[in-house]
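Asker: Just dropping this structure here.
The values are calculated or read from the model by the stated rules, or taken from the named source; none is laboratory data. Quick caveat: nothing in here was measured; it's all calculated off a predicted structure. With ideal geometry, Cβ positions are generated from the backbone for all residues, glycine too; neighbour counts draw on all protein chains shown.
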Amino acid sequence: MAAADEPAVAGLFLSSFSGKLAAMLREHRAAAAEVLAAAALRSGDAWVAETDEVVGLVTFQDQKRPWYAHGEWRLARCRLPWWRALRVTLFAVVFHAVDFPPSELYLETMAVSPAERGKGHGGRLLEFADGEARRRGRRSVSLYCIRDNPRARALYERHGYGVVRSVDLWWCSFLLGFRVTDMMRKALPRA
């Protein structure tokens, strides 16, 4: 992902994650999408899939970061009033602060434009994730999939991911807009 991709990635977040963004900040979804796009660019580990335009995105966490490293307060505060920036920051911390072993590459975000779904972009992004994990010397790739997203789950299962644990986020479901998420993992064959 390059700086020039940021507006297209914000649009991708807006079209792909409208439910999550509505839970995060109903009246300011576009601003929330801009914050997430800026955070993806700042992470340095975001990759886009392009045809004539950006049609997909994948971001990784190469190593576990402390929970507070996921807050996007400064980015959010530039675009939103402080109370809405606080909500976006809390959402980012809860949603992205995850635990995974050092032998694993964590696939933090994957999005494909709704207009481009069913054309193989998601599968190519997952294949890219496998290759990136191998390149970095990892033995597996993990991700979280919201339980009520059967289309994404089916894609992950077709590509060798299996559920390793479920997490009930009852205590913050009001903030996230969903309650149960499943950690899925794919072991990579040894070379």
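Asker: I'd like the residue in region 144-191 that is assigned to a helix (DSSP H, G or I) and among the aromatic types (Phe, Trp, Tyr) and, out of all such residues, is surrounded by the most Cβ atoms within 10 Å (Cβ to Cβ).
Answerer: Ranking the qualifying residues of region 144-191, first place goes to TYR156.
Asker: Scan region 122-143 and give yes if some residue there is farther than 27 Å from GLY44 by Cβ and of a type outside the set (Gly, Ala, Ser), otherwise no.
Answerer: no
Asker: Give region 30-53 a look and list any residue that's surrounded by fewer than 20 Cβ atoms within 10 Å (Cβ to Cβ) and in contact with a Phe, Trp or Tyr (Cβ under 7 Å, 6 or more places away or on another chain), or say none.
Answerer: Hits for region 30-53 are ASP45, TRP47.
Asker: Does region 108-124 hold any residues that are among the hydroxyl-bearing types (Ser, Thr, Tyr) and in a strand (DSSP E or B), and which are they?
Answerer: Correct list: THR109 only.
Asker: If GLY56 satisfies all but one of (1) assigned to a helix (DSSP H, G or I); (2) crowded, with 21+ Cβ neighbours inside 10 Å, what's the number of the condition it fails?
Answerer: (1)
Asker: Between GLU104, GLU72, GLU127, which is of a type outside the set (S, T, N, Q) and in contact with a Lys or Arg (Cβ under 7 Å, 6 or more places away or on another chain)?
Answerer: Testing whether each residue is of a type outside the set (S, T, N, Q) and in contact with a Lys or Arg (Cβ under 7 Å, 6 or more places away or on another chain) leaves just GLU104.
Asker: Here's something else I'd like to know. In region 1-29, how many residues are modelled with pLDDT of 85 or more and either surrounded by fewer than 14 Cβ atoms within 10 Å (Cβ to Cβ) or of a type in the set (S, T, N, Q) (or both)?
Answerer: 6
Asker: Read through the list (1) in contact with a Cys (Cβ under 8 Å, 6 or more places away or on another chain); (2) under 20 Å from LEU41 (Cα atoms); (3) not in a helix (DSSP H, G or I), then give the number of the only condition that VAL94 fails.
Answerer: (3)
Okay, residues lined up against (1) assigned to a helix (DSSP H, G or I); (2) more than 30 Å from TRP170 (Cβ to Cβ); (3) within 16 Å of the chain's Cα centre (by Cα):
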{"site": "GLN63", "(1), (2), (3)": "no, no, yes"}
{"site": "CYS78", "(1), (2), (3)": "yes, yes, no"}
{"site": "LEU86", "(1), (2), (3)": "yes, no, no"}
{"site": "ASP99", "(1), (2), (3)": "no, no, yes"}
{"site": "TYR106", "(1), (2), (3)": "no, no, yes"}
{"site": "LEU126", "(1), (2), (3)": "yes, no, yes"}
{"site": "GLY131", "(1), (2), (3)": "yes, yes, no"}
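Asker: State all residues of region 133-143 that are part of a helix (DSSP H, G or I) and surrounded by 15 or more Cβ atoms within 10 Å (Cβ to Cβ); if no residue qualifies, say none.
Answerer: Passing the criteria: ALA133, ARG134.
Asker: Quick check on my filter: what residues within region 100-127 are buried (at least 16 other Cβ atoms within 10 Å of the Cβ) and farther than 20 Å from GLY11 by Cβ?
Answerer: Within region 100-127, PHE100, GLU104, LEU105, TYR106, LEU107, LEU126 meet the criteria.
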